[in-house]
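For reference, the structure discussed in these notes is given below.
What follows is calculated from the coordinates using simple rules that are stated; it is not laboratory data. Only a predicted model underlies this, so the values are computations on that prediction, with no experimental measurement involved. Note that we place each Cβ from the backbone using ideal geometry, even for glycine, and neighbour counts take in every protein chain shown.
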Amino acid sequence: MVQKAKILLVDDRPENLLALEAILSALDQTLVRAVSGEEALKALLTDDFAVILLDVQMPGMDGFETAAHIKRRERTRDIPIIFLTAINHGPHHTFRGYAAGAVDYISKPFDPWVLRAKVSVFVDLYVKNCQLKEQAALLRLQLEDDRQGEGRPGTSTAEPLLTELSARLASVEEQAEALTKQLGDSPDIGAAATAAHLERKLAGLRAALEALRPGAESV
């Protein structure tokens, strides 16, 4: 069983954090609070998160600066960030959010259903990624057993699992392709950024899986 995904909520106002928790509680995942950029960075040192909801306006280290630190760290640079802001200074402000590494930029007040739907996309991708990593680890063990048992009669024990993994990933790729098409048709720049993020993550998973096939060079 894959553990619940962790979602990091970063906002200096307790009432905003409470509202986010109410909106996202239906996803049945682990919600982690941080009341500052510094506290968020500390949480990211020890825990893995599926997605980060990050307020732009905070005293001290603001959302843009916090995102820059997150993207500089190898451990956290691939975690999707959704900026939440009450500021609306036009397109240039939105572009600054994407330049900081956000996959989406949502202005307050926002539609709770839309926010929950967007977060659920990244949670689902994270959970599937964890499942594939666990199965890939098992596959590596079976491949090692096969190599040690070369010359013995019988078929490879790893090949059926490899086939199953490939089929599961193909199903995820098909779903993501449909989602990417929907996002790509949207005029929202954030939607396009989300689609690009999904494509990169799935391409990485496919490359990792292909590297496990017999005869593939070890990385």
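What number comes out for the charge environment of Leu41, summing +1 per Lys or Arg and -1 per Asp or Glu over other residues with Cβ under 12 Å away?
Spelling it out: positives minus negatives among the neighbours equals +1.
Where does the charge balance sit around Pro14 when Lys and Arg score +1, Asp and Glu -1, over other residues with C-beta under 15 Å from its C-beta?
-4
Taking 18 Å as the cut-off for C-alpha to C-alpha distance, list the pairs among Lys128/Lys201; Lys118/Lys201; Lys133/Lys201; Lys6/Lys118; Lys71/Lys108 that go past it.
Violating the 18 Å limit, Cα to Cα: Lys71/Lys108.
In what sequence, highest mean first, do 128-137, 102-111 appear when ranked by Cβ atoms within 10 angstrom?
102-111, 128-137
Could you calculate the FRET efficiency of Asp62 with Ser25 from 1/(1 + (r/R0)^6), where r is the beta carbon distance between them and R0 is 35 Å, rounded to 0.05?
0.85
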